[in-house]
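Engineer: One structure follows; several queries about it will come next.
The values are calculated or read from the model by the stated rules, or taken from the named source; none is laboratory data. No experiment lies behind these values; they were computed from the predicted model shown. Glycine gets a Cβ as well: all are built from the backbone with ideal geometry, and neighbour counts include every protein chain shown.
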Amino acid sequence: METDAYIIESPQSGQKEVEQPKSPESGIMEQPVQTTGQKMHELIRQLYPICRSITGNGVRKTLDLVSEIIPLDRYEIPTGTQVFDWDVPKEWNIKEGWIKNSRGETIVDFAWSNLHVLGYSAPVHKTVTLDELKEHLYTVPGQPDLVPYRTSYYEEKWGFCVSHNQFQSLTDDTYEVFIDSTLEKGYMSFGEYFIPGETSDEVLISAYTCHPSLANDNLSGIAVAAFLAREISKKKHRHSYRFLFMPATIGAITWLSLNERRTKFIKHGLVASLLGRPGAFTYKRSRLGNADIDHVVETVLKMSHRPYEVRDFTPYGYDERQFCSPGFNLPVGCLTRTPSGEFPEYHTSADNTDLVTAETLQESFDMYRKILHMIDVNRRYLNVNPKCEPHLGKRGLYPNVGGDRTGQDIQMAMLWMLNYSDGSHTTLDICEKSGLEYSVIDIAIKKLLESKLLIGL
Amino acid sequence: METDAYIIESPQSGQKEVEQPKSPESGIMEQPVQTTGQKMHELIRQLYPICRSITGNGVRKTLDLVSEIIPLDRYEIPTGTQVFDWDVPKEWNIKEGWIKNSRGETIVDFAWSNLHVLGYSAPVHKTVTLDELKEHLYTVPGQPDLVPYRTSYYEEKWGFCVSHNQFQSLTDDTYEVFIDSTLEKGYMSFGEYFIPGETSDEVLISAYTCHPSLANDNLSGIAVAAFLAREISKKKHRHSYRFLFMPATIGAITWLSLNERRTKFIKHGLVASLLGRPGAFTYKRSRLGNADIDHVVETVLKMSHRPYEVRDFTPYGYDERQFCSPGFNLPVGCLTRTPSGEFPEYHTSADNTDLVTAETLQESFDMYRKILHMIDVNRRYLNVNPKCEPHLGKRGLYPNVGGDRTGQDIQMAMLWMLNYSDGSHTTLDICEKSGLEYSVIDIAIKKLLESKLLIGL
Amino acid sequence: METDAYIIESPQSGQKEVEQPKSPESGIMEQPVQTTGQKMHELIRQLYPICRSITGNGVRKTLDLVSEIIPLDRYEIPTGTQVFDWDVPKEWNIKEGWIKNSRGETIVDFAWSNLHVLGYSAPVHKTVTLDELKEHLYTVPGQPDLVPYRTSYYEEKWGFCVSHNQFQSLTDDTYEVFIDSTLEKGYMSFGEYFIPGETSDEVLISAYTCHPSLANDNLSGIAVAAFLAREISKKKHRHSYRFLFMPATIGAITWLSLNERRTKFIKHGLVASLLGRPGAFTYKRSRLGNADIDHVVETVLKMSHRPYEVRDFTPYGYDERQFCSPGFNLPVGCLTRTPSGEFPEYHTSADNTDLVTAETLQESFDMYRKILHMIDVNRRYLNVNPKCEPHLGKRGLYPNVGGDRTGQDIQMAMLWMLNYSDGSHTTLDICEKSGLEYSVIDIAIKKLLESKLLIGL
């Protein structure tokens, strides 16, 4: 069941994607109700088997599936394109990959899990001794049952990833290794969905598409971003929204290189990652540290009355390290559940579709939705009658019933908004100063706008 | 007895308003000594019976009595005068008001307490049923013995305030109601006392005059302000002082509207209210939050070594809400004892002359006096010999006796004043940095001024 | 034995002044190894017997001995020279001073300890009664065994300092007092050693030379400053260094008066004092309070993992009071062990060569050396490739072995340096933000400078 816990204050809360069950009398079988969380989980299950990397057909298939949800603009950037200090790498594709022992038995197969082949592995086909094979095998000794996720983007080599148990059980034999991959001039693919708003001020949501069969990292981020984009596209918003689906690091660098002039419109941003596995929300601040996005996320997390953690910016992690490089220094943070490297399934075969749940995805979606809503409403107003209080009574702005708690709160909210709408305080600032619920502040704003006592800046 | 506890550091402490008893040998009966606290309490007892509201003859009589203490400038502002978003209301006066039962017995009478008639009540004279009467009666169910204070300034209606016990004892009868009030074009009255100082920098003290028979709220503020004004007028001060006695809200709005160009001289201000009932001093900061007045009041409260509370500005309360509206944003705080709404007698017939005491009024007076003194002396000096220490020895500024504690402190105070008198630190800043008593700093300042090592800025 | 505890991170740690013992086979007797601490203690023993004051031959002899370690520039400023609000005083010299009783027995003799004669004592030769004598005797009643250190620079008088025990044992007798001192036009002497660096930015180290036989106060400061200067002169540094050896107060005032135009080059400074007696390091901040020197000293003290104390600036103490007078306000702090007046031997005959130890002097020397090193390396760099991360891999800047802890730290350090080298963050800022050891940051800086990804500002 979808929980309502996070939707109380959101104006979109009435829009849950729940189809009303047909009445039994209609004679048609009841369809089970599918929540957004369940739809996100379904998308993850579809995306999971695809072999992704920073380039190649797996990324294209991934973008195809996302395109079924939102109308992505697709970009293909040629190998060798210079993007700041980097070049777009060769395109990597793979058809097959296995190891057979001397008896011809397949002991490792890319078909079983695309994690088995080292990401960006060079092609190989030869027979090797056990010792030579072992130089090309990657394991996690501390988690001997699991197959690790490893890549070698910038040094050309071949390799396989196996469980440490299997590694240790290998006998002194000769092995046929075969990887049918190509590393050739081609393209790097990414997708973008821009939703124009009332203003050119942009909110950026970025999810990375380069990880193969890892469900939490980062199919969860892709799923949450895609469904958020669909939700936002249904309504008018003050901000414009830009959703990016692209490989980590080289993707962000490429996008920034191609769109350098547009970055001035990015007023707020979040990297969406690790959102399907239960665990407390963890927010990593933008490099600015006190940007509106930092303020908003921290406030919404605090208002959730659930455990959460906020950390300062560090120059490693996901694409916030590019968006927050000193030459850009954009207000982009990163909101995850348990952060990278801090959960045991991280970068292993255990990060599968069982690790992520529809409930957790729904929670993450709701949290992002609340944050984006707060970003959209968090703005500065101007009291156009700033000298002394305006006469609220003659405008019918006093509550009718004196003892009405909400009425009193709304009147207080009007006084707070009037006093602090001096062009420097945001709605969120006033929320915090007054200790009033945003929903009450929101009613006061609407009344004061109607009475032409406030104007939006 | 007047306590000396608060006067230790004040230069005015020698000026207590105590008439020396005549010696017994003179043969004249000893007169009991009357403290300022007792005089303030006497003024409150005189003011208490008067029926005040935001306009009318009650306000004029109140200003008459204050004029016996200080030479008030009196202003009469015509009904309909536009003051920012407001208009000066009609003048309200009342001669009589009562309810009689069918047997002709008076059961409620304005003559018993002016709280019995709803403030600004329209005139009425008719016979009504119990049910109709009840629609025009106001009570405090939680305090069934007390008569509440209620007004209806901006909606014309008639009404009476009674105890809830009386309300519940009313029998099914017909009642004659009579209110002989007038609501007509007239004037709003206020009084002002300006005491010019050495500079045009002004300290504003404001007390509201619109509450009828309520002793703490705000006859105590009127009394403290009037006696402070009298005290200040006796001596030269660096600042000019402006004392305002005017109705809450509409009075402050009117004054600000008429004196907009003068507000630039207001460097510090306090709203004086709720100063007669025992309870810890409570300071509400100006909207600026870090104005000199905020700094001074908090320091003096801290130095009092008694419980006190400091609160951030909120846009409701007394006239600080007008002085601190964003178009003015003046450095005006509010210093009370227990704040409004937080003591049980608030806005009821229990806020009478027994609730306020001469001792508490004296304490409040002393606290205000210390604060005003600190404001006056808290200024910036300039060390005119700022490169290295000046040679104190050749000017005879070293203490004669090495082991003399005060002498050493004064020498330290000279070093602190010389080092930090750079135009940006105030006396109070230096007091706090050095940890020295203000009295010691004061001696050092005088010595350094005499030696022409410091000049006042 | 010299301890290595403080030298771990210092690049100079390999340069301990330890002569390698000759091998036994050489047939030459082994010389005991002499540490810098021992050399400083030896210098203090040589300086101890000299009678110093703010002027006179004792100061010259002191500067002679310091000149054997570093090539001092010597200055002689004539009596009467006006320096800001002061004049250079008469030169004081003394040959002899004693008290004899009526039997011709010497009971106090300057030859026994130069503390016995009041500093700057006028000459005297007469016979006095016990009562008259007592008016010219100075003692410390609370420490009856000890002879105090007292001076009278600006009031001409004669006097002797004796133990309180001796004072009390004096019998009713006549006494011959003789002080063969001169107070004449002459010179005030000071020494200066300037070590030019790569830039004109200066670090100032100041030690005062006016105290007679007091080992900790301040022969320890003179010794540490002299040996630091010798050490620094051996290597190129980014900063220039200026070491001053001059009398307290009048010396600093004179230097500032003569060098006013040069003070703009002083970017960091420390007054070196009280460094030979064990006790926690105590840092008194510059008047600025947040200067780089304050930041550096506090960080190095914190990194020492030993007790220390940091105090705010006060306008009394040593020559920081002149350097930090408001007309200069230079970034000069004061780093001592237990501060003045807070150890029982302060300004008495117990502050002798036994009070200070080679080990403590070595610790103080090492702490100053680390601080000066940190000041020299604490600078701002600029990432010349600020848009997105540079491609470290293609420059061979990735660690070869993934699991190598130091390698990972260096890679992190490169990311931190690249991200925060925006012209506003210093090395020390980045050290603190990242939590990485400076030694790791240092390696990263060198790699990034070599790769031309950073430039120094």
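Engineer: For segment B:204-225: of the residues being among the hydrophobic types (A, V, I, L, M, F, W, C) and not in a helix (DSSP H, G or I), which is farthest from B:Thr62 (Cα to Cα)? Step through it out loud before you land on a result.
Structural biologist: Kept after step one, since they are among the hydrophobic types (A, V, I, L, M, F, W, C), are these residues of segment B:204-225: B:204-205, B:207, B:210, B:214-215, B:219, B:222-225.
So of that shortlist, the ones also not in a helix (DSSP H, G or I) come out as B:204-205, B:207, B:210, B:214.
Numbers: B:Leu204: 20, B:Ile205: 17, B:Ala207: 12, B:Cys210: 10, B:Leu214: 13 Å.
Filtering first and then ranking leaves B:Leu204.
Engineer: OK, next. Name every residue in segment B:114-145 that is part of a helix (DSSP H, G or I), surrounded by fewer than 17 Cβ atoms within 10 Å (Cβ to Cβ) and either touching a residue at least 40 places away in the same chain (Cβ under 8 Å) or not charged (D, E, K, R) (or both), in order of residue number. Show your work before the answer.
Structural biologist: Of the residues in segment B:114-145, the ones part of a helix (DSSP H, G or I) are B:114-116, B:130-134.
So of that shortlist, the ones also surrounded by fewer than 17 Cβ atoms within 10 Å (Cβ to Cβ) come out as B:130-132, B:134.
Selection gives B:Leu130 alone.
Engineer: Shifting gears a bit: Could you check, for segment A:396-408, whether at least one of its residues is within 37 Å of the chain's Cα centre (by Cα) and either of a type in the set (A, V, I, L, M) or closer than 29 Å to B:Arg285 by Cβ (or both)?
Structural biologist: Step one: list which residues in segment A:396-408 are within 37 Å of the chain's Cα centre (by Cα), which gives A:406.
Subsequent filtering for residues that are either of a type in the set (A, V, I, L, M) or closer than 29 Å to B:Arg285 by Cβ (or both) retains A:406.
Looking through segment A:396-408, at least one residue is within 37 Å of the chain's Cα centre (by Cα) and either of a type in the set (A, V, I, L, M) or closer than 29 Å to B:Arg285 by Cβ (or both).
Engineer: I'd like to verify a number: residues in segment B:185-198 that are part of a loop (DSSP other than H, G, I, E, B) and either within 30 Å of B:Leu457 (Cα to Cα) or basic (Lys, Arg) (or both), how many? Break it down stepwise before answering.
Structural biologist: Quick first cut of segment B:185-198, residues part of a loop (DSSP other than H, G, I, E, B) only: B:185-186, B:196-198.
Within this subset, residues satisfying the condition of being either within 30 Å of B:Leu457 (Cα to Cα) or basic (Lys, Arg) (or both) are B:185, B:196-198.
Selection size over segment B:185-198: 4.
Engineer: Could you tell me which residue of segment C:157-184 is surrounded by the fewest Cβ atoms within 10 Å (Cβ to Cβ), considering only residues that are touching a strand residue (DSSP E or B) at 6+ places or on another chain (Cβ under 7 Å) and assigned to a loop (DSSP other than H, G, I, E, B)?
Structural biologist: In the first step, residues of segment C:157-184 are kept if they are touching a strand residue (DSSP E or B) at 6+ places or on another chain (Cβ under 7 Å); the result is C:158-162, C:167, C:174-184.
Next cut, assigned to a loop (DSSP other than H, G, I, E, B) only: C:158-159, C:162.
On the way: C:Trp158: 19, C:Gly159: 23, C:Val162: 23.
Checking each candidate, the answer is C:Trp158.
Engineer: Suppose we keep only residues that are within 10 Å of chain C (Cβ to nearest Cβ) and among the hydrophobic types (A, V, I, L, M, F, W, C) within segment A:314-344. Which one would you say is farthest from A:Val140 (Cα to Cα)?
Structural biologist: So, considering only residues that are within 10 Å of chain C (Cβ to nearest Cβ) and among the hydrophobic types (A, V, I, L, M, F, W, C), the one farthest from A:Val140 (Cα to Cα) is A:Phe328.
Engineer: Do we find a residue being of a type outside the set (A, V, I, L, M) and more than 14 Å from every other protein chain (Cβ to nearest Cβ) anywhere in segment B:382-403? Show your work before the answer.
Structural biologist: Here is the first cut: in segment B:382-403, the ones of a type outside the set (A, V, I, L, M) are B:383, B:385-391, B:393-396, B:398-400, B:402-403.
If we keep only those that are more than 14 Å from every other protein chain (Cβ to nearest Cβ) as well, we get none.
Within segment B:382-403, none of the residues are of a type outside the set (A, V, I, L, M) and more than 14 Å from every other protein chain (Cβ to nearest Cβ).
Okay, residues lined up against (1) touching a helix residue (DSSP H, G or I) at 6+ places or on another chain (Cβ under 8 Å); (2) within 28 Å of B:Asp409 (Cα to Cα):
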{"residue": "C:Ala291", "(1), (2)": "no, no"}
{"residue": "C:Val296", "(1), (2)": "yes, no"}
{"residue": "C:Thr299", "(1), (2)": "yes, no"}
{"residue": "C:Phe323", "(1), (2)": "yes, yes"}
{"residue": "C:Thr338", "(1), (2)": "no, yes"}
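Engineer: If you go through segment B:282-338, how many residues are charged (D, E, K, R) and farther than 17 Å from B:Ala207 by Cβ? Give the steps one after another, and end with the answer.
Structural biologist: Of segment B:282-338, the ones charged (D, E, K, R) are B:284-285, B:287, B:292, B:294, B:298, B:302, B:306, B:309, B:311-312, B:319-321, B:337.
Now restrict to residues that are farther than 17 Å from B:Ala207 by Cβ: B:285, B:287, B:292, B:294, B:298, B:302, B:306, B:309, B:311-312.
Final tally of qualifying residues: 10.
Engineer: So, one more: With the requirement that a residue be touching a strand residue (DSSP E or B) at 6+ places or on another chain (Cβ under 7 Å) and either within 14 Å of chain B (Cβ to nearest Cβ) or modelled with pLDDT under 95 (or both), what does segment A:360-381 give you?
Structural biologist: A:Asn378, A:Arg379, A:Arg380, A:Tyr381
Engineer: Another question, then. Cβ-Cβ under 7 Å, sequence separation 6+ or interchain: first residue in segment A:64-87 and under 12 Å from A:Thr209 (Cβ atoms) and more than 14 Å from every other protein chain (Cβ to nearest Cβ), partner assigned to a helix (DSSP H, G or I) and among the β-branched types (Val, Ile, Thr). Which pairs?
Structural biologist: Correct list of pairs: A:Val66/A:Ile222; A:Leu72/A:Val66.
Engineer: Does A:Glu231 satisfy the condition of being acidic (Asp, Glu), surrounded by fewer than 19 Cβ atoms within 10 Å (Cβ to Cβ) and in contact with a helix residue (DSSP H, G or I) (Cβ under 8 Å, 6 or more places away or on another chain)?
Structural biologist: yes
Engineer: One residue is enough: does segment A:108-121 have a residue meeting the conditions modelled with pLDDT of 95 or more, under 26 Å from A:Thr353 (Cα atoms) and more than 32 Å from the chain's Cα centre (by Cα)?
Structural biologist: yes
Engineer: Now a separate question. For segment B:31-61, which positions are within 22 Å of B:Tyr368 (Cα to Cα) and part of a helix (DSSP H, G or I)?
Structural biologist: Those that are within 22 Å of B:Tyr368 (Cα to Cα) and part of a helix (DSSP H, G or I): B:Thr36, B:Gly37, B:Gln38, B:Lys39, B:Met40, B:His41, B:Glu42, B:Leu43, B:Ile44, B:Arg45, B:Leu47.
Engineer: If you don't mind, there's one more thing I want to ask. Please determine whether any residue of segment C:294-312 is buried (at least 16 other Cβ atoms within 10 Å of the Cβ) and within 14 Å of chain B (Cβ to nearest Cβ).
Structural biologist: Among the residues of segment C:294-312, not one is buried (at least 16 other Cβ atoms within 10 Å of the Cβ) and within 14 Å of chain B (Cβ to nearest Cβ), which makes the answer no.
Engineer: Which residue out of C:Ser286, C:Ser325 is free of Cβ contacts under 8 Å to residues at least 24 places away in the same chain and surrounded by 21 or more Cβ atoms within 10 Å (Cβ to Cβ)?
Structural biologist: On the way: C:Ser286 fails: free of Cβ contacts under 8 Å to residues at least 24 places away in the same chain.
None of the others qualify; the one that does is C:Ser325.
Engineer: Also, quick follow-up: Could you check segment B:86-110 and list, in sequence order, the residues that are outside any strand (DSSP E or B), of a type in the set (A, V, I, L, M, F, W, C) and closer than 30 Å to B:Gln322 by Cα? Before you say what the answer is, go through the steps one by one.
Structural biologist: Within segment B:86-110, the subset outside any strand (DSSP E or B) is B:88-90, B:101-105, B:110.
Add one more test, that the residue is of a type in the set (A, V, I, L, M, F, W, C), and what stays is B:88, B:110.
B:Val88 - this is the single residue of segment B:86-110 that is outside any strand (DSSP E or B), of a type in the set (A, V, I, L, M, F, W, C) and closer than 30 Å to B:Gln322 by Cα.
Engineer: Let me ask something else about it. For the condition farther than 24 Å from C:Arg150 by Cβ, among the β-branched types (Val, Ile, Thr) and touching an Asp or Glu at 6+ places or on another chain (Cβ under 6 Å), what is the one hit in C:Val332, C:Val271? If you could, list the steps in order and put the result at the bottom.
Structural biologist: On the way: C:Val271 fails: farther than 24 Å from C:Arg150 by Cβ.
Answer to the check: C:Val332.
Engineer: Can I ask one more? Would you mind telling me which numbered condition in (1) surrounded by 24 or more Cβ atoms within 10 Å (Cβ to Cβ); (2) in contact with a helix residue (DSSP H, G or I) (Cβ under 9 Å, 6 or more places away or on another chain) A:Arg242 fails?
Structural biologist: (1)
Engineer: When segment C:410-457 is examined, which residues are found to be within 12 Å of another protein chain (Cβ to nearest Cβ) and either of a type in the set (D, E, K, R) or in contact with a Gly (Cβ under 8 Å, 6 or more places away or on another chain) (or both)?
Structural biologist: Residues satisfying the conditions are C:Asp422, C:Glu432, C:Lys433, C:Lys452.
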